[in-house]
Structures are given as C-alpha cells and as structure tokens.
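See structure below.
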Amino acid sequence: MKNSCIGKIQTHYPKLSEKEKKIANYILETPDKIIHRTINEVAEELNLADATVFRFCKRIGYKGYQAMKIALASEMTTPFISSHEEIIHGDNEKTILEKVFKSNIRTIEHTFQVNENETILRAVELLSNANRVEFYGIGGSAVIALDAYYKFIQTGMKASATLDSHFQLMSASQLTKEDVAVVISHTGTNKDTLNILNTARESGAKTIGITSVAKSPIGQKVDVALYTSSDETEYRSESLASRIAQLSLIDALSVNLMVLNKKVLMKEDI
C-alpha cells in the first residue's frame, strides 16, 4: 500500500520551508478545495508563485500538481476506515471483535506508511548514542511512556519515566546534551508536555516526539518527529487507537536498539 498524500505531507512537514508549510496547511485544513482548483488559483489564493506550489508537489514525492490532485482525490473517495468496518448498533460480539482488530491493523499499517526510513534511522541513532533516555507523557500518554521505559531497560540502556508531571519537569531540567528526551503526545498541543519539551531543549538534550499532528508545536519543535495515524469512530476515540500505533513505534525502536547492541557485541567477540 502506497503512502497517502496526507501522510506524505505529514511526514515531510517538519522539513518544509515556511512557504511550503503554508501550502501544506492549506491542503491539510481544506483538502476538498485543492481537487477543484488549478495550480494558478491555489498560488494566487496563498499569494505564492506557481513554481513554489509545483516545487512543493515534487518535494512530497509527486511529479507535479496534477499528480498530487489525483492522489488526494482518490483518498477522499476511499476513506481510511471502510464503512464496513465502522461499529454500529446491533453488531454482535464476533463482528465487533473483527472490526476492532481490522481497525487496529489499519492504524498500524498507516502509521508505518507515514514514517520514512530516514526518520526512523535518525531516531535510532540519537537513542543509541544517548547516555540516558527519559520518556515523557501526560494522561494516557504517560502509560505509553512507562511501557517504553520497561522496553528500553531491557535493551541495557539507562532509561526512566514517571507519571507525575511535576517530576517529569524536574527530570527534564536535569538532562544534558548527552541525553535524549522522548515526548509522547497524541495531539502535540498539551501545555504540560510542551513545557517539559521546552525545558528538555533548554537543558541541551536531543528530543524525539511521537505525535499524530505534523504541524503541532511538539511535532515542529523536536529534533526527530515520529507520527501515528488513526481515525476516530463513534465507539472508539482517535487518541485510543493512536496508542496502539505509539506502542508499535516504541516497540520498533527498542528492537532496533537490541539488534544494534547485538551487532556491537558480536564485533567485540571477534
């Protein structure tokens, strides 16, 4: 399954120029407008040159504006979650089980699509070179941070996580340039989490963010941003589905580190 147009925009967002982010915001906020407008109309509305819009399309992986429009139109006619997978009143237990599992599978698949190999590599490099890794999250994200701590101490790394936001803030203030702070937030806008991120940055620590919104404050401020992608349905909140993807990303990072450590140990034994 190919990366979606929206997914590509989210993935490239942190690396876009200010003009390119202006185009990205326009598409993310009003995708229905794009498919009915020419490149000239979009450029005029955003007060940009046609060439800037064209370069943006190339930047996110399309041959040009028309190719991007076709991809976006296809996404809008093929929703992320099929209507056959939405839980409705009257579904029996087995049907609900099937729909929940299929939804979770789609969430993981789409999260896999929106995270490029280069970004994962950068995250693994930061973590492997860290003196210690601190995981931060508020509310539901705090549970994910604790799970990450449990996984990472199994890799042999110095890791820590705590549920209390005040302790998290104190911890972030004591980080150094040799440390890495992993900040987890579904929306990327939680004020307490953002305060912790800013404190970690001021301490000189490298930062990794796990969020679902590319243009959120957290998504833009971290050194490396990893994204989750999920849809909200009547009986399942988007933030809940996102936790499955967050756990999968953390699991992938910890396994990468274990494989990397094993390679190092094998070289030392030679």
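The values are calculated or read from the model by the stated rules, or taken from the named source; none is laboratory data. A quick note: this is a predicted structure, and the numbers were derived from the prediction, not measured. Reconstructed Cβ throughout: ideal geometry from the backbone, glycine too, with neighbour counts over all protein chains shown.
General observations
- Helices (runs of 4 or more DSSP H) completely within region 92-203 that count 2 or more residues being acidic (Asp, Glu) and at negative phi: 93-114, 117-128, 191-202
- Here Val100 clears all of (1) modelled with pLDDT of 95 or more; (2) surrounded by 14 or more Cβ atoms within 10 Å (Cβ to Cβ) except the condition numbered (1).
- Condition met for Ala181 (under 21 Å from the mean Cα position of the chain (by Cα), closer than 17 Å to Gly204 by Cβ and modelled with pLDDT of 95 or more): yes
- Leading residue by the ranking (surrounded by the most Cβ atoms within 10 Å (Cβ to Cβ)) among those in region 161-188 that are under 12 Å from Gly137 (Cα atoms) and hydroxyl-bearing (Ser, Thr, Tyr): Ser185
- Residue pairs whose Cβ atoms lie under 9 Å apart, sitting 6 or more positions apart in sequence or on different chains, and linking a residue in region 210-239 that is under 17 Å from Leu197 (Cβ atoms) and buried (at least 17 other Cβ atoms within 10 Å of the Cβ) to a partner that is of a type in the set (Asp, Glu) and modelled with pLDDT under 85, are Ser212/Glu238.
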